[in-house]
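Structure below; questions to follow.
The values are calculated or read from the model by the stated rules, or taken from the named source; none is laboratory data. Note that this is a predicted model, so its numbers are computed, not measured. Glycine gets a Cβ as well: all are built from the backbone with ideal geometry, and neighbour counts include every protein chain shown.
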Amino acid sequence: MHKYASPKFFYSLAGQLIPWIAALTAVLLLAGLYLGLFVAPADYQQGESYRIMFIHVPAAWMSMFIYMLMAGAGAVALVWNIKLAEIFANSCAPIGASFTFLALATGSLWGKPMWGTWWAWDARLTSELILFFLYIGYMALQASIDDPRRAARAAAILALVGVVNIPVIHFSVEWWNTLHQPASVSKIGTPSIHPSMLAPLLLMAFAFTIYFVVVALLRMRNEILERERHTTWVADMLESTKP
Amino acid sequence: MNWTEFFAMGGYSQYVWGSYGLAALILILNLYLPLRRRKTVRRLLREFLRLKEQTR
Amino acid sequence: MKTRHKRLAIIVSGVIGLTVAGLFVLNAFRSNLVFFYSPTEVLEGKVAIAAGKTIRIGGLVEQGSVKRSPDGLKVDFVVTDLNKKLPVHYEGILPDLFREGQGVVAQGRLQNGNTFTASEVLAKHDEKYMPPEAAKALKGGTFMPGNETKKP
């Protein structure tokens, strides 16, 4: 176990994995785009505009999923003092923030033609906006403390407090009468979405998930190099990979 | 298949293509930024190690 | 010194940003605008609504209730939750999805306790996504996911 959590081992393992996962991401993305834009039929109510869903819904799922991972890694880092968990949590924040932004922006682009407004102070929309601020707060807090270990600890506490927002986002459409419609896919029983539309949605969601793995690994490798700059393995590695 | 019709997206082209374009931009930026950072970090670390060597 | 300035700038802008954001959010929650009331809640007085207060109401646009003025700018329609009916008056542009029998959310004020003057009308759609053929089959009562008639 200790071996796998060592930054040196992780650095080289991640380096070997990245090209393979990236290739798989590209294949899944292309398949999802093909099914979503060319194969899936138009919606009976919303016509072609519903195709925004194939970006919007996976982005929104990722925004919450990455936050849970970030808070979970923060908790692991706080309890067991594992450096790699800190590095992972730090790498999650900017990626999660970008997915949150994408969910909000595409939601706006979808809301204008369908609902008739770019933005409404709706419970679902407002709680997703709070999630965006939580990510920004995490990054600002982490950047404002020089010592990386102390910075990670402070940011992890913020992330854990913010976890309360995740069930609020998820259940907002059930707890209140909101403009945003309830969930289509995670509904108990059969999803209220046609199989020809569900397939590209799930493909895109899977593609986004492994895309996240790729970019998180890229960020983690950078942070490992910076944190381990005094070690001999970093010096040896740089020596052996001279440009 | 009719490409003009495809790009028109039933009159919702600016919203649909705006969303897909924004997604492409964000996915590319998330790849580009850490890759550029990697170059910078490696260059700085090499300099740092060279200085350490000299002052020893 | 430089890094300290940078850090201070980050903290200050972060605090300002979060405060402004928090105020917006609190304001939305305090004015109860993050959710809407049903016609039953409004008409049976289940919720205390101060006179002249801006609220949101929501429900379905009743079939056959939409009446437009000749210039097309003034619209009268009835919002129902299949229990109570609330007449709504609105002047302005309606969203694409505004249709009879479809969901709607209107923001505005209650007049005399029984009519609603809307300043904004938003269409609310349900969580169902399917091709038109499937929707037709569903109306005929024969819809089974994956079992509907193929697209021609």
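Look through segment C:100-112, keep the residues that are over 14 Å from the mean Cα position of the chain (by Cα) and more than 12 Å from C:Val88 (Cα to Cα), and return whichever of them is surrounded by the most Cβ atoms within 10 Å (Cβ to Cβ).
Selected residue: C:Glu100.
May I ask you to verify whether A:Trp233 is over 25 Å from the mean Cα position of the chain (by Cα) and surrounded by fewer than 21 Cβ atoms within 10 Å (Cβ to Cβ)?
Taking the combined requirement at face value, the residue satisfies it.
State which residue is modelled with the lowest pLDDT when the search covers only segment C:85-112 and only residues that are farther than 18 Å from C:Gln63 by Cα and assigned to a strand (DSSP E or B).
C:Gln111
Consider segment A:54-82. How many of its residues are over 30 Å from A:Gly32 (Cα atoms) and surrounded by 23 or more Cβ atoms within 10 Å (Cβ to Cβ)?
Looking only at that region, the number is 2.
Does segment C:37-54 contain at least one residue that is outside the structural domain of C:Val25 (by TED's automatic domain parsing), in contact with a His (Cβ under 9 Å, 6 or more places away or on another chain) and either in contact (Cβ under 8 Å) with a residue 24 or more places away in the chain or hydroxyl-bearing (Ser, Thr, Tyr) (or both)?
Checked segment C:37-54: no residue is outside the structural domain of C:Val25 (by TED's automatic domain parsing), in contact with a His (Cβ under 9 Å, 6 or more places away or on another chain) and either in contact (Cβ under 8 Å) with a residue 24 or more places away in the chain or hydroxyl-bearing (Ser, Thr, Tyr) (or both).
Determine whether A:Gly111 is closer than 23 Å to B:Phe7 by Cβ, within 13 Å of another protein chain (Cβ to nearest Cβ) and without any contact (Cβ under 8 Å) to a residue 12 or more places away in the chain.
yes
Quick check: anything in segment A:168-177 at the interface with another protein chain (Cβ under 9 Å from one of its Cβ atoms), without any contact (Cβ under 8 Å) to a residue 12 or more places away in the chain and either surrounded by 18 or more Cβ atoms within 10 Å (Cβ to Cβ) or among the aromatic types (Phe, Trp, Tyr) (or both)?
Yes, segment A:168-177 contains a residue that is at the interface with another protein chain (Cβ under 9 Å from one of its Cβ atoms), without any contact (Cβ under 8 Å) to a residue 12 or more places away in the chain and either surrounded by 18 or more Cβ atoms within 10 Å (Cβ to Cβ) or among the aromatic types (Phe, Trp, Tyr) (or both).
Turning to a different aspect of this structure: Looking at this structure, is A:Phe65 hydrophobic (A, V, I, L, M, F, W, C) and either touching a Pro at 6+ places or on another chain (Cβ under 7 Å) or outside any helix (DSSP H, G or I) (or both)?
The answer is no for A:Phe65.
Are any residues in segment B:11-45 more than 25 Å from the chain's Cα centre (by Cα) and surrounded by fewer than 16 Cβ atoms within 10 Å (Cβ to Cβ), and if so, which ones?
Selection gives B:Gly11 alone.
I need every pair where a residue in segment A:218-229 that is facing chain B (nearest Cβ under 7 Å) has its Cβ under 8 Å from the Cβ of a residue that is assigned to a helix (DSSP H, G or I) and among the polar types (S, T, N, Q), sequence separation at least 6 or different chains.
So the pair list comes out as A:Arg219/A:Asn90; A:Arg219/A:Ser91.
Have a look at A:Phe212, A:Phe208 and point out the one that is farther than 25 Å from A:Lys83 by Cα and away from chain C (no Cβ under 14 Å).
Testing whether each residue is farther than 25 Å from A:Lys83 by Cα and away from chain C (no Cβ under 14 Å) leaves just A:Phe208.
Here are A:Ala97, A:Ala60, A:Ala105, A:Ala23: which of them is among the small types (Gly, Ala, Ser), within 30 Å of C:Glu120 (Cα to Cα) and without any contact (Cβ under 8 Å) to a residue 60 or more places away in the chain?
A:Ala105
Could I ask something else about it? Being more than 22 Å from A:Glu174 (Cα to Cα), surrounded by 22 or more Cβ atoms within 10 Å (Cβ to Cβ), at pLDDT 90 or above and at the interface with another protein chain (Cβ under 9 Å from one of its Cβ atoms) is the requirement here; does A:Leu134 meet it?
no
Another question about this same structure. Can you name the residue in segment C:113-134 that is facing chain A (nearest Cβ under 7 Å) and in a loop (DSSP other than H, G, I, E, B) and, of all such residues, is nearest to the chain's Cα centre (by Cα)?
C:His125
Please give the number of the condition A:Gln45 fails out of (1) within 9 Å of another protein chain (Cβ to nearest Cβ); (2) more than 24 Å from A:Asn222 (Cα to Cα); (3) part of a helix (DSSP H, G or I).
Of (1) within 9 Å of another protein chain (Cβ to nearest Cβ); (2) more than 24 Å from A:Asn222 (Cα to Cα); (3) part of a helix (DSSP H, G or I), only one is false for A:Gln45: (3).
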